[in-house]
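Have a look at the structure below before the remarks.
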Amino acid sequence: MVIAGKTVAVLSFNSSEPDFFNDELRQLMQETAHQVALAWEAGQAVRERDSEFALRREMETRYQRIFDFSPAAIQLHAIADGHLLSINRAHESTFGYHQDELLQGDAWFDLAYPDAVIRGAVRRKWLHDIERCRSTGIISHSPELTLRAKDGSPRIVRGAMSVAGEVAIVSWIDLTQMRNQEAALRKSESRFL
């Protein structure tokens with residue numbers, strides 16, 4: 001039997017009867033060996049496909065866990081229309097919004113940037129930065145921004161965005177606690193001046 005161009009087995013038949021293995025019987029045995037080889041190759045292809053599928057599934061699970069457990073607040077947006085695709089746990093923890101609250105249209109922009117003028121400016125910069133990231137492959141960094149969390153409190157953040165295919169990846173670093181501590185220190189120091 002020949003599988004994938006290699007001889008992997010030899011079938012040996014013996015008969016004490018002269019001329020028992022005529023041309024027709026030899027042809028039948030060759031066809032049988034060929035059919036067995038095809039069945040073996042088909043089974044091997046199925047095993048390889050299943051193995052590749054399992055590996056792909058394992059990688060998807062691994063990357064989903066990395067995304068979910070990243071310490072940075074991350075959101076994924078579809079570039080075509082800007083709608084939010086997904087957020088991770090750190091994003092929910094930082095801003096308080098659950099993913100289902102942010103999936104409709106411009107919900108993220110409407111909630112995080114309540115001031116229409118600021119929201120418009122951010123939206124225009126966002127569209128410009130997406131095109132710049134797409135054309136150059138660089139990471140775009142935002143200035144410090146104040147976003148509104150679900151509880152109404154301000155979150156002082158810096159963002160970074162990159163583009164992977166048709167998805168914009170945005171990560172946020174929450175500077176709120178650090179900026180509040182700096183303000184408290186300045187206020188405390190001002191008492192001594």
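Some observations on this one:
- Alpha-carbon gyration tensor eigenvalues x 5, square-rooted, for the stretch 20-73, Å: 52, 5, 4
- Legend: residues ARG186, ARG155, ARG62, ARG148, sorted from most to least accessible area (1.4 Å probe; ligands, DNA and RNA excluded), read ARG186, ARG62, ARG148, ARG155.
- For the stretch 53-190, accessible area per residue (1.4 Å probe, heavy atoms of protein chains only), Å²: 60
- Apportionment of accessible area to carbon and sulfur, the chain, percent (1.4 Å): 57
- For the stretch 1-52 versus the stretch 122-157, the gap between their alpha-carbon centres in whole angstrom: 64
- Sorted largest first, the principal axis extents computed over the alpha-carbon atoms of the chain equal 117, 35, 31 Å.
- Each principal axis of the Cα cloud of the stretch 1-101 was evaluated for its coordinate range; sorted largest first, these ranges are 89, 27, 21 Å.
- Dipole magnitude (debye, nearest 20) for the stretch 45-114, charges at Cβ of Lys, Arg, Asp, Glu: 380
- Dividing the helix sum by the residues of the chain, where each DSSP H run of 4 or more adds -39500 (n - 2.57), gives a mean residue ellipticity at 222 nm of -17500 deg cm²/dmol.
- Considering only alpha-carbon pairs that sit under 8 angstrom and 6 or more positions apart, the relative contact order computed for the stretch 4-133 is 12 percent.
The values are calculated or read from the model by the stated rules, or taken from the named source; none is laboratory data. Computed from a predicted structure; not experimentally measured. Glycine also receives a Cβ, built like all others from the backbone with ideal geometry; neighbour counts cover every protein chain displayed. Surface areas here come from the heavy atoms of the whole protein model, side chains and all, with no ligands, DNA or RNA. Shrake-Rupley method; radii C 1.70, N 1.55, O 1.52, S 1.80 Å.
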